[in-house]
Amino acid sequence: MSNKPQPESDSRMGTWVLVFVAAGIFLRLLRYSMNMPAWGDETALALNFLNRGYAELWKPLDFNQVAPIGFLWAERAMYVHFGSSEWSMRFLPMLAGVISMALFAYWARLLTSDLAAAIATGVLAVGNYSVRYAVELKPYGFDFFAAMLLLLPATLFLLRRQSRWLICLIVLTPIALALSYPAIFVAGGISITLMLFVRRLTLPQFALASTFNMVMFASFWFLVLRVAIGQYNLTHDAMTDYWKGAFPPANPLRLIWWLILIHTGNMFEYPFGGANGASTLSFVVFIVGLIAWWKTRRWELLCLMLAPFALNFAAAVVRRYPYGQSARVAQSLAPAIILLIGVGAVTLIESLTLDPAKRLKSSQIIFAILLIFGGFVAGDTLLHPYKSRDDVAARQEIYSLFQRVPPSDMIAVLMPRDKVQVTLQWYLRRQDQRISWNAEEDRPWAGKSSPVWVLNLQPGAGIQLRLQADLRRRLVDYHLIMADHDLDTVPLRYWELFVFGPKANTPRP
């Protein structure tokens, strides 16, 4: 498991690294190209960009959302300059995901053999969660990207002892923490590593390491303890309850079982796995890689990879940040997880046979499995380009509505704007100027001579007769949609469209 080339780490393995980088970029671009309809969490966050300017994004976000200020400002800029389409709002996460593929592959080749790097890169390339979070309007993909921004220069410094990489860390740390809250675990892990091995630093390097620590603490104080504290205070109760399974229990016996479940669950779903022990294989291979790395006595690099786990766990102990339970909140730990899975896979191959030909065949079988799984991920993306069918229905219904309503007509929504389900609200607000919100109470549209299009998004007995009587107009058309499953989460729980016309010959929609 050395960083020196192994017998099987020839040019073919280097080529496989490039193949998996290309495959990973392809899968991310494929998902991006499908222009999937936005889903609830995405639209809940995105509505903050519509409601607020840059200054207002400093304040606690609407809809119980949590995101770092750098991410919010970047997405706000995309909205201002390129609009609110899924293409523009997901462009930066997609770009971060594509760049992360290249950064990880380079980082993996720095640390281990080309075979281990190829396997690890393949795991990242085709992992379902890895692909999904890289193309989603949430900061999870930026968590991985920010981790790589910090891990790469830290690794280069530990390997080459060149002070310029410490300078890079000083410059990149505020950027990483502005883009990602859990990047502080990675930055803290780097700080711990530098301090534990401080005797190996020259005096100028010690000064740079101290500067890095000051910059890290100052950035953390300002970006997290000052800026993000409002988000934390607003969402603390709800998030603590939502993530209660991600906080370690105090009972020692329960803690042991909890640790087993956490580390064999979604946190280690690379490239496949799941909750309730379904990721046991990935975790076992990770442990094999960890043991193999331990035997090399490369303590600095091992500390660099594992210290963020300890800091994340410490944050979970005091209930400040969840540990594991879901892969999305552990993206800052994913680089180390995936790299050690690659190392563990190579260790297992080497332990099974000494024959170079058989080792090569074993590695090719692993490559084939990864590519096949990547094919399944691509197929699932093509067959199911959505998170929920109801998200598709929400977008289609809103688009259809705007196509049917003449530009001169107004759409009256009976509910206040902030009470409308976030996905419907997001798509409706793309043409905000055509909509009269809270039309149940405020009716500037009632006296218009053109047809009146009324949206009712909550059940109400006799609403049709009351509207008809109030408007003194004839009902021209009526449209009703009700969700038939998953009533707790779907955006189209209830959808009722009335069209009232002043004349009998009003065109039907």
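Within segment 108-130, if we keep just the residues that are within 19 Å of the chain's Cα centre (by Cα) and modelled with pLDDT under 95, the residue that is farthest from Asp41 (Cα to Cα) turns out to be Gly127.
Take Leu306 and tell me if it is surrounded by 14 or more Cβ atoms within 10 Å (Cβ to Cβ), closer than 25 Å to Tyr133 by Cα, without any contact (Cβ under 8 Å) to a residue 60 or more places away in the chain and among the hydrophobic types (A, V, I, L, M, F, W, C). When the stated conditions are applied, Leu306 does not pass them. Across segment 356-406, the number of residues qualifying as in a loop (DSSP other than H, G, I, E, B) and among the basic types (Lys, Arg) comes to 1.
Looking only at segment 197-217, residues that are closer than 20 Å to Ala67 by Cα and without any contact (Cβ under 8 Å) to a residue 24 or more places away in the chain come to 1 in all. Among the residues making up segment 42-52, those that are under 28 Å from Pro174 (Cβ atoms) and buried (at least 17 other Cβ atoms within 10 Å of the Cβ) are Glu42, Ala44, Leu45, Ala46, Leu47, Asn48, Phe49.
When Ala228, Ala207, Ala238 are checked against the criterion of being among the aliphatic types (A, V, I, L, M), at pLDDT below 90 and exposed (fewer than 14 other Cβ atoms within 10 Å of the Cβ), Ala238 stands alone in meeting it. Taken as a whole, the structure places Ala336 among residues that are closer than 30 Å to Leu177 by Cβ and in the same structural domain as Thr173 (by TED's automatic domain parsing).
A residue that is under 29 Å from Ser33 (Cβ atoms) and among the β-branched types (Val, Ile, Thr) occurs nowhere in segment 399-419.
This table checks each residue for (1) in contact with a Leu (Cβ under 6 Å, 6 or more places away or on another chain); (2) of a type in the set (Asp, Glu); (3) in contact (Cβ under 8 Å) with a residue 60 or more places away in the chain; (4) closer than 18 Å to Leu339 by Cβ.
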site	(1), (2), (3), (4)
Val126	yes, no, yes, yes
Ala134	no, no, yes, yes
Tyr140	no, no, yes, no
Phe144	no, no, yes, yes
Ala147	no, no, yes, yes
Leu151	no, no, yes, yes
Leu156	no, no, no, yes
Arg161	no, no, no, no
Arg164	no, no, no, no
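In the condition set (1) crowded, with 17+ Cβ neighbours inside 10 Å; (2) not assigned by TED's automatic domain parsing to the domain that holds Ala314, Ala378 is compliant with all but (2).
No other residue among Val215, Val224 is part of a helix (DSSP H, G or I) and either among the basic types (Lys, Arg) or in contact with a Phe, Trp or Tyr (Cβ under 7 Å, 6 or more places away or on another chain) (or both) apart from Val224.
In this structure, does Ser408 turn out to be small (Gly, Ala, Ser) and more than 21 Å from Ala118 (Cβ to Cβ)? In short, yes.
Condition first: crowded, with 22+ Cβ neighbours inside 10 Å, closer than 25 Å to Val198 by Cβ and either free of Cβ contacts under 8 Å to residues at least 60 places away in the same chain or not aliphatic (A, V, I, L, M) (or both). Can you find one or more residues in segment 315-323 that meet it? Scanning segment 315-323, I find no residue that is crowded, with 22+ Cβ neighbours inside 10 Å, closer than 25 Å to Val198 by Cβ and either free of Cβ contacts under 8 Å to residues at least 60 places away in the same chain or not aliphatic (A, V, I, L, M) (or both), so the answer is no.
Residue count for segment 349-398, restricted to those that are at pLDDT 90 or above and among the basic types (Lys, Arg): 1. The criterion of at least 3 residues that are of a type in the set (Val, Ile, Thr) is met, among helices (runs of 4 or more DSSP H) falling completely within segment 1-106, by 11-33.
Looking at segment 265-283, is at least one residue at pLDDT 95 or above, assigned by TED's automatic domain parsing to the domain that holds Phe197 and β-branched (Val, Ile, Thr)? Checking segment 265-283: at least one residue is at pLDDT 95 or above, assigned by TED's automatic domain parsing to the domain that holds Phe197 and β-branched (Val, Ile, Thr).
When Thr43, Thr15 are screened for being at pLDDT below 95 and either within 16 Å of Val131 (Cα to Cα) or more than 22 Å from the chain's Cα centre (by Cα) (or both), only Thr15 passes. The residues on offer are Ala307, Ala292, Ala314, and the sole one that is under 30 Å from Asn233 (Cα atoms), touching a Gly at 6+ places or on another chain (Cβ under 9 Å) and of a type in the set (A, V, I, L, M, F, W, C) is Ala307. Here Met214 meets the list (1) buried (at least 17 other Cβ atoms within 10 Å of the Cβ); (2) of a type outside the set (D, E, K, R); (3) modelled with pLDDT of 90 or more almost entirely, failing just condition (1). For segment 473-493, the candidate set comprises residues that are of a type outside the set (A, V, I, L, M) and modelled with pLDDT of 75 or more; within that set, the residue that is surrounded by the most Cβ atoms within 10 Å (Cβ to Cβ) is Arg473. Kindly provide the set of residues from segment 53-87 that are among the small types (Gly, Ala, Ser) and surrounded by fewer than 15 Cβ atoms within 10 Å (Cβ to Cβ), ordered by number. Those that are among the small types (Gly, Ala, Ser) and surrounded by fewer than 15 Cβ atoms within 10 Å (Cβ to Cβ): Gly53, Ala55, Ala77, Gly83, Ser85.
The values are calculated or read from the model by the stated rules, or taken from the named source; none is laboratory data. Remember, predicted model here, so these are calculated numbers, not experimental data. Neighbour counts are summed over all protein chains in view; Cβ atoms, including those assigned to glycine, are modelled from backbone coordinates with ideal geometry.
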